[in-house]
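These notes are about the structure you will find just below.
The values are calculated or read from the model by the stated rules, or taken from the named source; none is laboratory data. The model shown is predicted, which means the values in this text are computed figures rather than measured ones. Neighbour counts run over all protein chains shown; Cβ positions are idealised from the backbone, glycine included.
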Amino acid sequence: MLELKTPKELAQYAHTLASGQQLVRYHNVTYIPADYETYDVSVPPDPDRTIWLPLDRARIRDLAKSQFDALFKTDGDAGSFEYMVAQNAEACDIEVRSLLVRTHQGLKELDEHGKLSDVTGQFRPNTVMPMLNEDPEAKARVFAVISGWLDSDTEAESLLSHLATALSPGWSVVKYVLLLGEGRNGKSLLLRMVENLLGSDNVSQVSRQAMSEQSPAVLDLNGKLVNIVYDGRAEYVKDSALEKSLVAGEPVGIRRLYESSLTKVHTNALFMEGLNREPKTSDKSTALQKRLVRFQFPNVYALSHKFEREMLTEASLGAFLSLLVDRYVLEDHVAERLAPTHKAIELQLEQMFVNSMGLQFIKFSEETEPMGVGAYLGKPVGELVKAFQSWRLKEMDMSNWAEPDVLALFGPLINTDRKSERAAGKVRKVRVVTSFKQEATAFIDTLKGDPDDAELLAALVED
């Protein structure tokens with residue numbers, strides 16, 4: 001029979017649980033060793049059979065119930081016990097750069113070089129559970145399905161390489177993968193395949209809007225291999241600062257509910273999101289755009305539950321895993337292996353155009369002015385500002401576009417400098433447009449047709 005326990009008894013139970021079960025605390029998450037086949041946590045398994053499961057409040061409550069007959073009066077009491085368990089767990093301060101994989105030869109460790117080796121029993125927080133399936137026919141079938149969804153082997157290779165970075169928990173790929181297209185085109189099934197492959201313990205579901213709002217939900221990113229949003233909201237993203245930090249693997253502080261202090265969130269997860277329509281964002285910088293990688297799912301398929309079940313079987317997921325292991329990306333090879341495809345560059349430019357009124361004005365100028373937007377080179381910025389204001393009036397925009405606001409809007413697109421100018425017998429400094437930045441130049445080239453891929457890559461790909 002469950003009974004309420006005194007604070008002293010709960011403190012003792014927390015110590016007993018942490019020491020007896022050999023709990024480990026890593027990146028603000030508590031882990032318990034378990035057998036990789038039975039998931040049994042009652043007794044720490046042999047080193048060559050050990051995986052580590054994250055202990056959330058529900059699991060800790062179940063352990064307190066089964067081992068100590070402990071009854072918690074309120075959720076706050078359960079939270080206090082969880083906190084004491086975390087304090088008693090052994091702290092792991094060494095950054096883990098590998099994960100565990102089930103194979104027909106037993107449990108193996110996938111190291112930071114993409115090689116499978118025997119496990120040592122050392123703490124490795126992440127485990128991929130479907131059995132590795134290296135059958136060539138099964139792998140070819142899964143690849144053909146993904147290639148069909150994207151209508152391109154090249155796009156499929158690029159997408160698989162991006163997905164393979166989820167197998168590298170020790171560093172951040174600094175990418176946010178967007179799967180674009182209408183319904184029933186394969187993107188949701190692909191996301192389910194990724195989640196089933198990595199397991200719910202390795203997956204979080206934090207939206208860009210939640211990151212923008214600095215929601216406590218962001219804390220769920222700790223310890224995860226991938227963050228998946230199935231149907232991304234098209235709502236305006238007000239602030240992308242936190243998103244950029246998290247995607248880059250930089251630690252940030254988030255306040256838990258009912259707590260005044262900040263809790264560190266540090267994740268190297270790959271971020272993925274399925275979208276019908278990409279949301280606009282207040283962040284017009286290229287730093288955000290260089291983190292976003294887009295893949296178009298152009299086809300629409302008839303609903304087939306049988307096909308979906310087949311793609312989610314352990315055999316198909318194991319083949320999917322084998323495809324990712326084959327394409328394991330080393331940290332020093334990211335720029336080469338994850339270079340955007342021509343289609344990805346086109347999708348990026350399209351979104352930059354939708355999200356930037358400056359690029360929209362450039363397009364208007366190229367289509368209506370004899371010299372295009374190049375007519376403003378060497379001219380005072382005031383002429384560009386007046387032309388922009390006139391264009392907005394033609395578009396029935398009654399907003400008050402002050403010169404500083406217009407210059408801030410064009411900041412990512414043009415370079416300016418102050419030059420001396422003589423007027424009415426006096427010399428004064430005037431700011432003039434000196435050149436276009438690479439992103440604007442690349443966009444102008446696309447308007448002229450047949451852009452040079454090398455120039456686009458130089459403009460749009462981060463070093």
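If residue 86 satisfies every condition in (1) free of Cβ contacts under 8 Å to residues at least 12 places away in the same chain; (2) buried (at least 17 other Cβ atoms within 10 Å of the Cβ) but one, which is the exception?
Looking at each condition in turn, residue 86 falls short on (1).
Taking the range 37-56, which residues are within 18 Å of residue 19 (Cβ to Cβ) and in contact with a Phe, Trp or Tyr (Cβ under 6 Å, 6 or more places away or on another chain)?
Hit for the range 37-56 is 52, nothing else.
Being under 25 Å from residue 265 (Cβ atoms) and not in a strand (DSSP E or B) is the filter here; which residues of the range 15-39 pass it?
18, 23, 27, 28
Would it be correct to say that residue 288 is farther than 26 Å from residue 190 by Cβ and modelled with pLDDT under 90?
Answer is no for this residue.
Say whether the condition of being in a helix (DSSP H, G or I), touching a residue at least 12 places away in the same chain (Cβ under 8 Å), out of contact with any strand residue (DSSP E or B) (no Cβ under 8 Å at 6 or more places or on another chain) and within 17 Å of residue 366 (Cα to Cα) is met by at least one residue in the range 407-423.
Yes, some residue in the range 407-423 is in a helix (DSSP H, G or I), touching a residue at least 12 places away in the same chain (Cβ under 8 Å), out of contact with any strand residue (DSSP E or B) (no Cβ under 8 Å at 6 or more places or on another chain) and within 17 Å of residue 366 (Cα to Cα).
Could you please find all residues in the range 40-82 being assigned to a helix (DSSP H, G or I), surrounded by 14 or more Cβ atoms within 10 Å (Cβ to Cβ) and of a type outside the set (Lys, Arg)?
60, 63, 64, 67, 68, 77, 78, 79, 80, 81, 82, listed by residue number.
Criterion first (of a type in the set (Ser, Thr, Tyr) and either crowded, with 20+ Cβ neighbours inside 10 Å or more than 28 Å from residue 332 (Cβ to Cβ) (or both)) does residue 168 satisfy it?
Yes, satisfied.
Considering every residue within the range 92-103, establish whether at least one is among the acidic types (Asp, Glu) and under 30 Å from the mean Cα position of the chain (by Cα).
So far as the range 92-103 goes, yes, one or more of its residues are among the acidic types (Asp, Glu) and under 30 Å from the mean Cα position of the chain (by Cα).
So, residue 112, is that one surrounded by 17 or more Cβ atoms within 10 Å (Cβ to Cβ) and under 28 Å from the mean Cα position of the chain (by Cα) or not?
It is true that residue 112 is surrounded by 17 or more Cβ atoms within 10 Å (Cβ to Cβ) and under 28 Å from the mean Cα position of the chain (by Cα).
Which residues, counting only those in the range 288-298, are touching a Gly at 6+ places or on another chain (Cβ under 7 Å) and either over 22 Å from residue 180 (Cα atoms) or assigned to a loop (DSSP other than H, G, I, E, B) (or both)?
The answer is 297, 298.
Within the range 89-102, track down each residue that is surrounded by 15 or more Cβ atoms within 10 Å (Cβ to Cβ) and not charged (D, E, K, R).
89, 92, 96, 98, 99, 100, 101
When only residues in the range 161-173 that are hydrophobic (A, V, I, L, M, F, W, C) and either part of a helix (DSSP H, G or I) or not assigned by TED's automatic domain parsing to the domain that holds residue 226 (or both) count, which is farthest from residue 292 (Cα to Cα)?
167
Mind telling me which of the residues 159, 110, 150 ends up being modelled with pLDDT of 95 or more, of a type outside the set (S, T, N, Q) and under 30 Å from residue 25 (Cβ atoms)?
None of the other options fit; the residue is 110.
Any residue at all in the range 180-191 that's at pLDDT 90 or above, touching a Phe, Trp or Tyr at 6+ places or on another chain (Cβ under 7 Å), over 15 Å from residue 126 (Cβ atoms) and assigned to a strand (DSSP E or B)?
yes
Hey, can you tell me all the residues within the range 115-160 that are surrounded by fewer than 20 Cβ atoms within 10 Å (Cβ to Cβ), outside any loop (DSSP other than H, G, I, E, B) and among the hydroxyl-bearing types (Ser, Thr, Tyr)?
Of everything in the range 115-160, those that are surrounded by fewer than 20 Cβ atoms within 10 Å (Cβ to Cβ), outside any loop (DSSP other than H, G, I, E, B) and among the hydroxyl-bearing types (Ser, Thr, Tyr) turn out to be 117, 147, 154.
Being under 18 Å from the mean Cα position of the chain (by Cα), assigned by TED's automatic domain parsing to the domain that holds residue 244 and surrounded by fewer than 18 Cβ atoms within 10 Å (Cβ to Cβ): is that true of residue 176 here?
no
Quick one: in the range 291-313, which of the residues that are at pLDDT below 90 and surrounded by 13 or more Cβ atoms within 10 Å (Cβ to Cβ) is nearest to residue 172 (Cα to Cα)?
291
Out of the residues in the range 198-250 that are small (Gly, Ala, Ser), more than 13 Å from the chain's Cα centre (by Cα) and surrounded by 20 or more Cβ atoms within 10 Å (Cβ to Cβ), which is modelled with the lowest pLDDT?
Checked the range 198-250; the qualifying residue modelled with the lowest pLDDT is 212.
Within the range 176-207, track down each residue that is of a type in the set (D, E, K, R) and on the phi > 0 side of the Ramachandran plot.
Within the range 176-207, just 184 meets the criteria.
Here is a yes/no grid of residues against (1) buried (at least 18 other Cβ atoms within 10 Å of the Cβ); (2) closer than 20 Å to residue 111 by Cβ:
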position	(1), (2)
317	yes, no
320	yes, no
323	yes, yes
333	no, yes
340	yes, no
345	yes, no
349	yes, no
353	no, no
364	no, no
